[in-house]
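Notes for the one structure printed next.
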Amino acid sequence: MDGEKETSKLLHELKKATNLRQVLDENEAEFKSSEMVTYLKELLVEKKLTKASVIRAARLHETYGYQIFSGVRRPSRDRTIALSFGFKLSGHEASRLLKYTEYPPLYAKNRRDAIIIFALDHGYTLDQTNDSLYDLEEALIETFKEEKPLV
């Protein structure tokens, strides 16, 4: 099984654990999304971009961004949307990226998502999109915030 831990063993560790962070840290590799990482690599080649340029355009913390590309971290839905701006994806392509990170696609009947789809399809930057979201009184696309400990 390529060094992957069986689900039952991981579940057993979680049930017996007294320190959640320790279990999560010790099993970080188990939470990697190989499909997401493969798709991100494909996008880099297809769009002729570098990880650094995508991370910068997505306004992600550099370390966090590289952890996403290596599969160590799974980005939130907003950070996945931010990556879509970093890659200069269309609304359709962004929905596909969201699928690979196991989030629902952008939905045209959701007002905030409709604004994001419009922005992606019209070549807006992340900053321009957040300006539009702000002007239209919708939640901004969150890109980086200090993470609080789980325990």
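Of all residues in region 62-85, those that are under 18 Å from VAL45 (Cβ atoms), buried (at least 19 other Cβ atoms within 10 Å of the Cβ) and among the polar types (S, T, N, Q) total 1. Inspect all residues belonging to region 34-46 and state whether any of them is of a type in the set (D, E, K, R) and surrounded by 14 or more Cβ atoms within 10 Å (Cβ to Cβ). No - not one qualifying residue is present in region 34-46. Tallying residues that are in contact with a Phe, Trp or Tyr (Cβ under 7 Å, 6 or more places away or on another chain) and without any contact (Cβ under 8 Å) to a residue 24 or more places away in the chain within region 42-67 yields 1. Screening region 1-50 for helices (runs of 4 or more DSSP H) wholly inside it with 1 or more residues that are more than 30 Å from LEU89 (Cβ to Cβ) and modelled with pLDDT of 80 or more returns the ranges 7-16, 20-26.
Considering region 86-123, and only residues there that are among the small types (Gly, Ala, Ser) and over 14 Å from the mean Cα position of the chain (by Cα), the residue that is surrounded by the most Cβ atoms within 10 Å (Cβ to Cβ) turns out to be ALA119. Restricting attention to region 67-117, the residues that are among the charged types (D, E, K, R) and touching a Pro at 6+ places or on another chain (Cβ under 7 Å) total 1. In this structure, does TYR64 turn out to be assigned to a loop (DSSP other than H, G, I, E, B), within 21 Å of TYR39 (Cα to Cα) and aromatic (Phe, Trp, Tyr)? So TYR64 fails the test. Against the list (1) over 17 Å from VAL54 (Cβ atoms); (2) surrounded by fewer than 19 Cβ atoms within 10 Å (Cβ to Cβ), the condition ASP127 fails is (1). Taking helices (runs of 4 or more DSSP H) as the structural unit, those lying wholly within region 68-151 and holding at least 1 residues that are without any contact (Cβ under 8 Å) to a residue 12 or more places away in the chain correspond to 91-100, 111-121, 126-135.
The values are calculated or read from the model by the stated rules, or taken from the named source; none is laboratory data. Given the structure is predicted, the values throughout are model-derived calculations rather than measurements. Methodologically, a virtual Cβ is constructed for each residue, glycine included, from the backbone with ideal geometry; neighbour enumeration extends over all protein chains shown.
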